[in-house]
C-alpha cells in the first residue's frame, strides 16, 4: 500500500543545552577517570533514557548522600543545583563531591546571595518542589526567599515590612508566563529590583521561540522529553497557546498516541533541553514506517554556548581506571 505523505517540521534549536551536556559529560568523565561506581545525587538531568544509559555505564543514582556507602567514590550533584546543606553534608563526611550544577543556575544562586547581603527580600518565580527551586531557596536562611508561582500569589503577597525587594526566576520557565508574573510584581512593587540579565536561560528561550514559529503551521506537535522535565512541559504549553491543535509530551516512540497523530499531514517535533537527539530520530523513524516522510528544519537561533567540565574532572584518566 502507498503510504500517505507527512511533512515533519523539526524545531531548531531543540534537545540538549550546554548545561545538560556538561552534566552528562561530568558523569561519563568521572567514570573514565575513577572507574565505577560513580554516585549521582538525584537524576543528573530530567530524562529517564539518559539516566538509564548512565546506570548501565556504572553510575548509581541516590536520593540523598546518606545512601552513599563509600566515601572514596565520586559523588556528583545534578545540573539543577542543590541547597547549601548538601555540599556541607558532603564535606562533613569527606565525600569526593563534584558539583555539576548548570552555570546558569549558579548565576541565580549568586544573585540571590548578593541581594540577601544587601538586605533585600527575594521573590523567586518558579515551581514548588522542582529541584532547581529547592536548590535556590536552600542557598539562604529560611524566610529569606518567598516563592511566587502564580498571579494569585502576586496579589496575596505580603512581603516583610521595610525591606527592599528583588526577584530572581527559575531558569526553565515559560517566557510568556514569567513576563506576566514579573509585570504584576512590578505593578505592585515599583521599586522591585530585577536581575542584571534575564534568569530564564538561553536554551529555554530559544526552544520556546522555535515552537512558537512551528506550532501554528502544523496539525500536531510532539515534544520529546520526560514528564518531570520543566522545560519540556513548558514547550508543550507554548505549542498549545501558539495555536497547535494537539501538543503532546512523549519520551519514546512507543508512547505516541496514533489515534491522535494518525491522521495528520503536518507534524512539528521538538525536544526538551534534557532529551537526546537519538530519541528524536527514533520518533521520526516511527512515523517513517507509516508515512512518506519529508523533514524540514525550522531554525530560529544558532547556539554555540559551551561550559567546561568541573575542575575536578579536567585531568587525564588514571592508569588503573576501569575500562
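Structure summary
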| quantity | calculated |
| --- | --- |
| For segment 22-93, average projected area of the Cα convex hull in nm² | 4.5 |
| Residue among 27, 154, 40 with the largest mean-square fluctuation in a Gaussian network model of the chain, springs linking Cα atoms under 10 Å | 154 |
| For 66, 304, order by how many other beta-carbon atoms lie within 10 Å, fewest first | 304, 66 |
| Taking N as its residue count, the alpha carbon Rg of segment 195-323 over 2.2 N^0.38 Å | 1.27 |
| Distance in nm between pseudo-label sites at residue 306 and residue 91 (7 Å out along the Cβ direction from Cα) | 3.2 |
| Taking 109, 130 and counting other C-beta atoms within 10 Å, the order from fewest to most | 130, 109 |
| Length added when fully stretched, residue 163-residue 198, from 0.36 nm per residue minus Cα-Cα | 10.3 nm |
| Rg to Rh, two decimals, where segment 104-188 supplies the alpha carbon set and Rh follows Kirkwood | 0.92 |
| Residue 265/residue 52 FRET efficiency (R0 45 Å; Cβ-Cβ; nearest 0.05) | 0.85 |
| Two-decimal ratio, the chain, of alpha-carbon radius of gyration to 2.2 N^0.38 Å | 1.08 |
| Percent of alpha-carbon pairs separated by more than 23 Å within segment 147-258 | 39 |
| Förster-model FRET efficiency, 22 Å R0, residue 314 and residue 106, C-beta, rounded to 0.05 | 0.80 |
| Residue-span extension gain [residue 187 to residue 117] - 0.36 nm each, minus C-alpha spacing | 22.7 nm |
| Candidates 132, 111, 89, ranked by Gaussian network fluctuation over the chain, Cα under 10 Å, top entry | 89 |
| Additional length obtainable on full extension of the chain from residue 72 to residue 296, 0.36 nm per residue less Cα span | 75.7 nm |
| Cβ-Cβ FRET estimate between residue 209 and residue 246, R0 fixed at 22 Å, reported to 0.05 | 0.60 |
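Readers should treat all values here as calculations from the given coordinates under stated rules, not as data from a laboratory. In this text the structure is predicted, and so the values were computed from the model without any measurement. A quick note on method: Cβ atoms are made from the backbone with ideal geometry, for glycine too, and the neighbour counts reach across all protein chains shown.
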